[in-house]
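Below is one structure, written out as structure tokens, with a few remarks after it.
The values are calculated or read from the model by the stated rules, or taken from the named source; none is laboratory data. In this text, all values refer to a predicted model and were calculated from it rather than measured experimentally. When we count neighbours, we look across all protein chains shown, and the Cβ atoms used for this are built from the backbone with ideal geometry, even at glycine.
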Amino acid sequence: MLKQFTKGFAMLLVMIVLTGIAYPLVVTGLAQLFFPHQANGSLAYKNGQVVGSQLIGQNFTDLKYFQPRPSAAGKDGYDATASGGSNLGPTNKDFLNSVAERANTIRQQNGLSSNQAVPSDLVTASASGLDPDITPEGAMIQVSRIAKLRNLPAETVENLVRHDTTPRQLGIFGEPRVNVLRLNLDLDTLTK
Amino acid sequence: MSTMDIVQILLYVVILTFLAVPLGRYMARVFSGEKTWTDPLFRPLERLIYRLTGTDEQTETGWKQYAGALLIFNFCGFIVLFFLQLLQKYLPLNPQGFGAVSPDLAFNTAASFVTNTNWQAYAGESTMSYLVQMAGLTVQNFVSAATGIVVVVALTRGLARKSASTIGNFWVDLTRSILWVLLPLSIIGALVLTQQGVIQNFSTYLHLTTLDGGKQTLAMGPVASQEAIKMFGTNGGGFFNANSTHPFENPTPITNFLEMLFILLIPAALPFTFGRMVGNPKQGRVIFVTMLILFLIFVGAAYSSEIYGNPNVTALGISGPSAMEGKEVRFGIANSALFATITTAASCGAVNAMHDSLTPLGGMIPMLQMMLGEVVFGGVGAGLYGMLIFVILTVFIVGLMVGRTPEYLGKKIESWEIKMATIAILVPAVTILIGSALASVTKAGTSSILNSGPHGLSEILYAFTSAGANNGSAFAGLNANTPFYNIALGIAILLGRFGIILPVLAIAGGMVKKKAVPEGPGTFQTTGILFGALLAGIVIIVSALTFFPALALGPIVEHLIMIGK
């Protein structure tokens, strides 16, 4: 019996060295060698300063920027140390109330009539709370507000949204989407 | 419903099948001790491991010693993981300086990771040091997956060998499944994921100023290495709280597709391994096809429900897919429904959408698949040995109907096998129902609920189902990090794992001794469509009878409430 336990621990120790230490270190070495940009978080820069990760959504309180999806990560949303969704169920009253509230806010901010439809991604919290994307429809509905606040022709902003729309990967996978940080960075270069 | 959705789902099934066949063949060679093209790479390392641990690779044992070695090895893993969490404060690779994990949470997490469940009552990025994630959790991701594989290999030998007494050597099977299968797949998988944007570093968390002047802190870590084995081993424990919804775990539609493939790759390959090892590939093929058909039915159901969506949201003047709460834009409805079905067909439990926010019936499909015992492909090893339990039951019931001694693969099925098969089906079912009932009527159970009404019952039912079936996904609104849930679910997890593994090995031990009986005109063929249909029927009927009342009170009532308004 004792011999079996010694053997069990010996095997476990071997596996810890092999799969718990050697394996992650080898992968880290190769990843840092071949894909350093990705392995370190696909960071986004503006004038040499890190302003976020291309993959992680962030808050935009200023209405001159395209707004991201609602986020349930952390107290103020987009807390990248507290990822997660709202976990609200489909018949939960609080959930339905907040959807209605968010839709009204978006209608007001963008000068829409009270019965105009709002794309669902803009009124629902994402799963990670860090969703970097909105749908192309979710971006288009914000175009006239951005154009007005930035004194730009609506057409220019619209073209920018089209330019920054990521199609399905390889033409097949996922959904068409717009990365909000990328779009807002491009918007800033546009207006300087 | 859109064409692109259907194309993606079908493409997944085709590629999965295309990859599973050769991998199944390769694994059959690995576990039969035949030569493979990877031998020159792994054989020296294997010999070294046996020398270090004093393993004699020529000796085999009967089922009792095999089970004993398995239990001892898992116990050692449990002890080490438990104490790593309690002591992480004093250990290296803890750049955020996380303190000791509470004992009830450490118990729950150790039980959960040792058993391939990966139920997580903690948030990774704010609880576990890099050392615990690597040397504790990642290690268990490998060895718990290997444990599942060796059990099904032992059962296969028990069915294939005639008049023998041994079913293999646990230490050899364990070592080979890691060196020849899990480790090489994970290294390749991790690098491909990194290329697409999954992070892999040891940096401290990055503080930065966002574009419009706000503050953000990015959690970092060696994620890709854990992500790959999390999927290949059908473990499902996320590096981050948000699991595979988190862009650093699952950044693009391609990583999403790959992660879904990784989950079912080994489980889908094992029926082919089984067929070859018992000397009749048709026996494996019929099991694979049965699993595939059940899978397509469940994907169809989950997808339909999510596309149908939530009429209450549409009524508020919302356009586009209405069930987007708890989903990511890059995955959309189709890939979220597909992922939810895959992760619960397998005992994976990784999520790319928050299951608590799925539509009522969309959330019921994952629950139902776990209640079936995750035999639709299922966990690595666990899925196939679970399905083989149902095969034995099917053969038995057919035998009763025609009044003949039941046989499978030319051997008689007798009372020992049926008793053990019954235990393996009853233990998780009883665990799930009694656990849920207990939590539903106590303050300790109900005070953790987030969504009231029938959805609250679903949250509890999902938790115990996920634990009893060793899945690990959650209706995460339920606050599970309480002493009550940590301990109750920890016990459910252990029962759901070893309450099946031990009877399965006992069946292997019983079957291996038997003589082959020659096939006669009355022998029931277990390779055809009729058998596949009966098998699928038995799987559904047994589980439906057990769980329908509970499902009716949770998701089904909620669905009626949702569409009634």
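If the requirement is being small (Gly, Ala, Ser), closer than 22 Å to B:GLY97 by Cα and either surrounded by 24 or more Cβ atoms within 10 Å (Cβ to Cβ) or modelled with pLDDT under 95 (or both), which of these qualifies: B:GLY237, B:GLY233?
Numbers: B:GLY233 fails: closer than 22 Å to B:GLY97 by Cα.
After ruling out the rest, the residue left standing is B:GLY237.
Tell me which residues, restricted to segment B:378-422, are over 26 Å from B:PRO518 (Cβ atoms) and in a loop (DSSP other than H, G, I, E, B).
The answer is B:GLY378, B:GLY379, B:VAL380, B:GLY381.
Hey, could you check segment B:302-319 for residues that are buried (at least 21 other Cβ atoms within 10 Å of the Cβ) and either modelled with pLDDT under 95 or more than 9 Å from chain A (Cβ to nearest Cβ) (or both) and say which is nearest to B:GLN8 (Cα to Cα)?
Result: B:TYR303.
Yes/no per residue for (1) of a type in the set (Phe, Trp, Tyr); (2) in the same structural domain as A:ILE141 (by TED's automatic domain parsing):
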residue	(1), (2)
A:GLY8	no, no
A:MET15	no, no
A:PHE60	yes, yes
A:GLN67	no, yes
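Could you tell me whether any residue of segment B:412-431 is aromatic (Phe, Trp, Tyr) and surrounded by 17 or more Cβ atoms within 10 Å (Cβ to Cβ)?
Of all residues in segment B:412-431, those aromatic (Phe, Trp, Tyr) come to B:416.
Then drop every residue that is not surrounded by 17 or more Cβ atoms within 10 Å (Cβ to Cβ), which leaves none.
For segment B:412-431, residues aromatic (Phe, Trp, Tyr) and surrounded by 17 or more Cβ atoms within 10 Å (Cβ to Cβ): absent.
With the requirement that a residue be of a type outside the set (Ser, Thr, Tyr) and facing chain B (nearest Cβ under 7 Å), what does segment A:123-145 give you?
Within segment A:123-145, A:VAL123, A:ALA125, A:ALA127, A:GLY129, A:LEU130, A:ASP131, A:PRO132, A:ASP133, A:ILE134, A:GLU137 meet the criteria.
Here is a list: B:ALA146, B:ALA111, B:ALA160. Which entry is among the small types (Gly, Ala, Ser), away from chain A (no Cβ under 11 Å), crowded, with 24+ Cβ neighbours inside 10 Å and out of contact with any Lys or Arg (no Cβ under 6 Å at 6 or more places or on another chain)?
Unique residue meeting the criteria: B:ALA111.
Of the numbered conditions (1) more than 30 Å from B:ILE556 (Cβ to Cβ); (2) at the interface with chain B (Cβ under 7 Å from one of its Cβ atoms), A:THR91 fails exactly one; give the number of that condition.
Only one criterion is unmet by A:THR91, namely (1).
Filter segment A:11-25 for residues that are surrounded by fewer than 18 Cβ atoms within 10 Å (Cβ to Cβ) and more than 7 Å from every other protein chain (Cβ to nearest Cβ) and give the result.
Once the filter is applied, which keeps residues that are surrounded by fewer than 18 Cβ atoms within 10 Å (Cβ to Cβ) and more than 7 Å from every other protein chain (Cβ to nearest Cβ), segment A:11-25 yields A:LEU13, A:VAL17, A:ALA22, A:LEU25.
Which of the helices (runs of 4 or more DSSP H) contained wholly in segment A:84-192 include at least 3 residues that are out of contact with any Leu (no Cβ under 6 Å at 6 or more places or on another chain) and closer than 29 Å to B:PHE339 by Cβ?
Because the criterion is at least 3 residues that are out of contact with any Leu (no Cβ under 6 Å at 6 or more places or on another chain) and closer than 29 Å to B:PHE339 by Cβ, the helices (runs of 4 or more DSSP H) in segment A:84-192 that meet it are A:93-109, A:136-140, A:180-191.
If B:TYR122 meets every condition in (1) outside any helix (DSSP H, G or I); (2) surrounded by 24 or more Cβ atoms within 10 Å (Cβ to Cβ) apart from one, which number is that one?
(2)
Quick grid of which residues meet (1) surrounded by fewer than 24 Cβ atoms within 10 Å (Cβ to Cβ); (2) in contact with a Pro (Cβ under 7 Å, 6 or more places away or on another chain); (3) outside the structural domain of B:LEU19 (by TED's automatic domain parsing); (4) in a helix (DSSP H, G or I):
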site	(1), (2), (3), (4)
B:ILE254	yes, no, no, yes
B:LEU261	yes, no, no, yes
B:THR290	no, no, yes, yes
B:LEU296	yes, no, yes, yes
B:LYS327	no, no, yes, no
B:PHE339	no, no, yes, yes
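Of the conditions (1) farther than 30 Å from B:ARG25 by Cβ; (2) touching a Leu at 6+ places or on another chain (Cβ under 9 Å); (3) among the hydroxyl-bearing types (Ser, Thr, Tyr), B:THR209 satisfies every one except a single condition; which number is it?
All conditions pass for B:THR209, except number (2).
Report whether or not B:THR210 is facing chain A (nearest Cβ under 7 Å), under 25 Å from A:LEU33 (Cα atoms) and among the β-branched types (Val, Ile, Thr).
no
Just checking, does segment B:67-82 include any residue being touching a residue at least 24 places away in the same chain (Cβ under 8 Å), in contact with a Leu (Cβ under 9 Å, 6 or more places away or on another chain), outside any helix (DSSP H, G or I) and within 30 Å of A:GLY74 (Cα to Cα)?
No, segment B:67-82 has no match at all.
So, in segment A:94-116, how many residues would count as being within 23 Å of the chain's Cα centre (by Cα) and within 8 Å of chain B (Cβ to nearest Cβ)?
5
Take the conditions in contact (Cβ under 8 Å) with a residue 60 or more places away in the chain, within 14 Å of chain A (Cβ to nearest Cβ) and crowded, with 20+ Cβ neighbours inside 10 Å and apply them to B:ALA474. Does it pass?
Yes: the conditions hold for B:ALA474.
Taking the criterion of being assigned to a loop (DSSP other than H, G, I, E, B), aliphatic (A, V, I, L, M), within 7 Å of another protein chain (Cβ to nearest Cβ) and at negative phi, would at least one residue in segment A:57-72 satisfy it?
no
Out of B:VAL380, B:VAL391, I need the residue that is under 21 Å from B:MET277 (Cβ atoms), touching a strand residue (DSSP E or B) at 6+ places or on another chain (Cβ under 9 Å) and at pLDDT 95 or above. Which one?
Being under 21 Å from B:MET277 (Cβ atoms), touching a strand residue (DSSP E or B) at 6+ places or on another chain (Cβ under 9 Å) and at pLDDT 95 or above holds for just one of B:VAL380, B:VAL391, which is B:VAL391.
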